[in-house]
Amino acid sequence: MTVELVSQLGQANADICGEKVEERAGLIVQNLTKYYGDHLAVDGVSISVQTGEALVLLGPSGCGKTSMLRTIAGLETANGGTIEIEGEVMVSGRRSVPAEKRPIGMVFQGYALWPQMRLIDIVAFPIRARGGVNKREARAAAEKVLATVGLTGFEQRFPTSISGGQQQRVALARAISSRPKLLLMDEPLSALDRNMREKLRIDIREFIRSSDVTCVYVTHDQEEAMAIGDHVAVMEHGKVVDYGRPEEIHRRPATASSAVFLGATNTVCATAERAVHGGLWRARADIGIVHFRPGPGVDVHAGDEIDCYWHPESMAPAQSDVGDSAELNIWPAEIRSCIYLGHEYEIVATLEHREFRLRSPIGVTAGVTYPVAVAASSVFGYPQASSQLGGGNR
Amino acid sequence: MAPPLSTAPTASPPGAARARFGMTRLKGRSRFGKSGEYAIVGVFGLLLLIAPTFAVLGALTHGFVGTPRAVFTWSNITGVFSSGYVTPIKNTLLLGAVAATICTILALVLAWILIRVPLRGQRVWSLAIVIPAAVSPLVVALSWLALFAPHAGVVNGVWQQWFGHDFANAYTLQAAIAVMVISYTPFAYLFIEGGVRNLAIDQEEAGRVHGASIRRTFIKVVVPALRDHIVVTWILTFVLAIQTFAVPALLLDPVGIPTMATAMYRAIELGQGTPNQAAALAVLLFIPGLVAAVVHTWRLRQYTSVGVGSTRVGHVHQALPRWIVWGAKIVLPLYVAVAVVVPIAALVLSSFLRFPTTVIHGSDLSLSHYATVFNDPLFGDSMQHTLLLVVGGATLGTALALVLGYIAVRGASPVTRSFSRFSSVFALAMPNFALAFGFLFFFTAVPFLRGTTSSLVTIGVLLTFTFVSLGIRLVSSGIAQLPRADEEAARVSGANVVMRFRRVLIPSLTPVLISVWRAIAIAMTIELNLVVLFYKNNSITLSVYTYLTEQGRPIGDTYAAGVMQLLFVLAVVAIVTAGEQAFRASRTRTRLRSGG
């Protein structure tokens, strides 16, 4: 593991790799707590990000991810915990280094470009403020930074005279111009259209990899999180509820709420019957027999009430002659609608008055009964008490 | 199986949908109708141009405009730069520039503190800062006399006992500047506060996380971002300061320091100079107002279109250095004490003193000055006239502001919208004292108006016209915040313009309209610059009465009259606020009853 997260879920992992983390961590946050009045926005979160890697904080609105980012930046006062950036203590007890003294760069959600300044002066601002260099040297350095983000020739323009994508690049250029040790990004792509977002998230990913800067990136868009993060931390109610490499948390969400947030919107409630081979379990639900894989660290016992979740893209129309097995769940469903989205079909099917969504490259005729299948290993099971968000179609 | 969806469109006869929902046919697409808007805005524009035009005509004429002996001349214009008017002009510019600079800096700092620093009771502090706006500069000047009159002011009395000399002299240019700073900082605050509030906090936070301290961020980010607001605030405050008649008349004239306002007054009332030279001075006073209106209309509109995606407006900084928070906790009470509490306390105390004294005993206190004032029939008349002016003028002004504010925001034509916006600022930026001169020339030029110059109705109309701009600004911001769809829903439901005003706009804008009524009422009560040139005994107002008591009567009478003027304003504010609270309570009850 190159990036470690120490949280309720990741404590053991951090203990194992503690020595490595200490040596190479670009950011260590321990037991960070932030209150707004009586509201606990960040609840004792601990994370560690290795130098040169990107951690994405992912979660729904109000989960505490932006509060955490702003506290790391020094724009909010921490109520408890410690923050270290490359070994330098920023927050510890009552001691807190002011935002302007922290070795950071930040890209704001709305970019926060100063409309009265030319692009060259915006990018030169941190160089002058941090570097103590004169105006000419700062501008020369800023020109180079603007060139790295592909804005050569735009130096004398004002932020209002460039496009949204270019504004985003200027915000990034400003954030990196003083060579910060830590780059913070607060939903930097949320103001852009879909095409621009998809283009820029690749650029940002490449930039982070090539510049070797430690990055904490906040988003509520799971695709963006998967595309940018070396590791992703899913937050909910001020806590980290899931952590791992993007493909890990997508394939095996640690909690029910994480599964739902990551798009596993098909849900069914079942009673566990017995374990079958390969770590899979068999359960009985009103739609029939459901085979599932328990979530990471989840102990299942026969008779437990289990919430099962799976992604729409894991479920597809099946050939009717394929038989049911422990590896594959197949149910006959009524196809309610089948909509072509351009590159795939979105199918809504009902089974025992429950609605399920499927994403499939193959379309089926609406109004017919058709078998639908989902691999047992793609169905995650969690004891009902741990299901926080519920949601789905239970 | 789901039933098949029917997708075939069904043709409906024209108007069938409207008929089904009981709607009437829409009458045109304009609000008042374009021609109606042009007519309303045109009349307002003409009224707006009357005073400056006649001031210019007066300045270019020898004798009164419209009279047979009037002849064209440049001598008035050249005269103000070559004769004895140079010193008044210099004094006025110095007074205005220094006062405007201090007011603008103070207002910017106070606005930033109140919006950005996490403090308790921000609404109370905000209210305390604008209190002096409801106190006439004349009363503030009187309170400074009560504090710092040579050998007699309360503070000077105490200082004399301790150190053997006065602490300060109220009859100086510095004292006049201090009084203007107290009087006009609230206006500067109101002008600039919106700019600070609309500046996204992200802009400042971006400065901080990229290495700039709070001080550097303020200088490099906040000040440049608010440059146009600062310029406009400075010019508007400058206009307020240079046109003020009461302060120089009370504090500078007695010691022979002339200003443009006192020189113009002397020219027209005491015959020291010609009215045409006074008109030339009035034209000079108009120039900064015109600049302010142009800058405000074009530059600020350009500024507000610059957002660059930042949306977190009006937020406070959460992680400020402790010295800033403590500094704010000291600055705010200090300002309120110096600008509000101490002067008013001194004025009230002095009004109870039989005679000015440095050592105050219980036996020195009496109600004799109040008895004198109450027994003066002119005081009763002035109260009555002021009440009539306030009730009539504020009501008419609010109605006009509603119509013009509506046109400024929702007008059908871009021309009327722009012109309404410009006119509202232009009227606000016009110095009342100069306006008064323009109107004076207008009334003498139009034969059938000559006899009405000093009537209460004339004064009321002029004051309404002068202060309606305050209302237009408030109403247009109120309308801009209302969803356009509310009104459109009424339109597509068949409501005509009257019905839309009565059923949709006015109920939504009632709190704003109450504020407009209150603002115009206060402004009319404390106004002296215009009324002092128009009044006769049958139209004397409270502010003129207070000013006149200072001429040859015991100063205690003036203090008592000043306190009465203050109480009158307080009573107006209290009654309107009580009405506002009652309205809010009744609205809340209605919502609760309807389960909202």
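The values are calculated or read from the model by the stated rules, or taken from the named source; none is laboratory data. This structure is a prediction, so every number in the text was calculated from the model and none was measured. Reconstructed Cβ throughout: ideal geometry from the backbone, glycine too, with neighbour counts over all protein chains shown. For the accessible areas, the whole protein counts, side chains as well, though only heavy atoms, and no ligand, DNA or RNA atoms are used. Shrake-Rupley method; radii C 1.70, N 1.55, O 1.52, S 1.80 Å.
Observations, loosely collected:
- Of residues in segment A:78-104 being facing another protein chain (nearest Cβ under 8 Å) and buried (at least 17 other Cβ atoms within 10 Å of the Cβ), the one farthest from A:Val42 (Cα to Cα): A:Glu100
- Scanning segment B:33-64 for residues being open to solvent by less than 20 Å² (accessible area, probe 1.4 Å) and over 29 Å from the mean Cα position of the chain (by Cα) gives a total of 2.
- Boolean, A:Val216 is in the same structural domain as A:Val45 (by TED's automatic domain parsing), more than 10 Å from the chain's Cα centre (by Cα), closer than 27 Å to A:His291 by Cβ and of a type outside the set (S, T, N, Q): no
Each row is one residue, and each column tells you yes or no for (1) over 30 Å from B:Pro224 (Cβ atoms); (2) more than 29 Å from the chain's Cα centre (by Cα); (3) open to solvent by 40 Å² or more (accessible area, probe 1.4 Å).
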{"position": "B:Pro150", "(1), (2), (3)": "yes, yes, yes"}
{"position": "B:Asn169", "(1), (2), (3)": "yes, no, yes"}
{"position": "B:Leu190", "(1), (2), (3)": "no, no, yes"}
{"position": "B:Val196", "(1), (2), (3)": "no, no, no"}
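- Subset of segment A:106-124 that is more than 7 Å from chain B (Cβ to nearest Cβ) and within 17 Å of A:Asp186 (Cα to Cα) - its residue that is least open to solvent (accessible area, probe 1.4 Å): A:Val107
- Filtered by the rule that a residue be open to solvent by less than 30 Å² (accessible area, probe 1.4 Å), touching a Phe, Trp or Tyr at 6+ places or on another chain (Cβ under 8 Å) and at pLDDT below 90, segment A:344-370 gives A:Leu351, A:Ser360, A:Val364.
- Those helices (runs of 4 or more DSSP H) lying entirely in segment B:521-596 with at least 2 residues open to solvent by 10 Å² or more (accessible area, probe 1.4 Å) and over 30 Å from B:Pro507 (Cα atoms): B:542-549, B:555-593
- Among the conditions (1) closer than 25 Å to A:Leu75 by Cβ; (2) out of contact with any helix residue (DSSP H, G or I) (no Cβ under 6 Å at 6 or more places or on another chain); (3) within 12 Å of chain B (Cβ to nearest Cβ), A:Asp186 misses just one, which is (2).
- When segment A:150-173 is filtered for residues that are in a helix (DSSP H, G or I) and among the charged types (D, E, K, R), only A:Arg169 remains.
- Residue, farthest from the chain's Cα centre (by Cα), within segment A:298-315, restricted to residues that are part of a strand (DSSP E or B) and among the hydrophobic types (A, V, I, L, M, F, W, C): A:Ile306
- Subset of segment A:200-218 (residues that are within 18 Å of A:Arg24 (Cα to Cα), in a helix (DSSP H, G or I) and open to solvent by 10 Å² or more (accessible area, probe 1.4 Å)): A:Arg209, A:Ser210, A:Ser211
- B:Arg502 meets all of the listed conditions (1) open to solvent by 40 Å² or more (accessible area, probe 1.4 Å); (2) under 22 Å from B:Gln243 (Cα atoms); (3) not in a loop (DSSP other than H, G, I, E, B) but one, namely (2).
- Identification of helices (runs of 4 or more DSSP H) wholly contained in segment B:208-305 with 3 or more residues that are within 14 Å of chain A (Cβ to nearest Cβ) yields B:214-217, B:227-243, B:300-304.
- Those residues of segment A:150-168 which are open to solvent by 20 Å² or more (accessible area, probe 1.4 Å) and at pLDDT below 90, in sequence order: A:Gly150, A:Thr160, A:Ser161, A:Ser163, A:Gly164
- Any chance B:Thr78 is open to solvent by 60 Å² or more (accessible area, probe 1.4 Å) and not hydrophobic (A, V, I, L, M, F, W, C): yes
- Restricting the first member to segment B:473-493 and to residues that are in the same structural domain as B:Leu505 (by TED's automatic domain parsing), and the second to residues that are aromatic (Phe, Trp, Tyr) and assigned to a helix (DSSP H, G or I), the beta-carbon pairs closer than 9 Å and six or more apart or on different chains are B:Val475/B:Tyr406; B:Ser476/B:Tyr406; B:Ile479/B:Tyr406.
- Out of B:Val181, B:Val158, B:Val139, one residue alone is crowded, with 22+ Cβ neighbours inside 10 Å and over 28 Å from B:Arg227 (Cβ atoms). It is B:Val139.
- Helices (runs of 4 or more DSSP H) fully within segment A:1-75 counting 1 or more residues that are farther than 20 Å from A:Glu86 by Cα, out of contact with any Leu (no Cβ under 6 Å at 6 or more places or on another chain) and at pLDDT below 90: A:11-16
- Options B:Ala141, B:Ala146, B:Ala175, B:Ala133: the member that is in a helix (DSSP H, G or I) and within 26 Å of B:Val196 (Cα to Cα): B:Ala133
- Within the option set B:Val341, B:Val336, being open to solvent by 70 Å² or more (accessible area, probe 1.4 Å) and in a helix (DSSP H, G or I) holds for one residue only, B:Val341.
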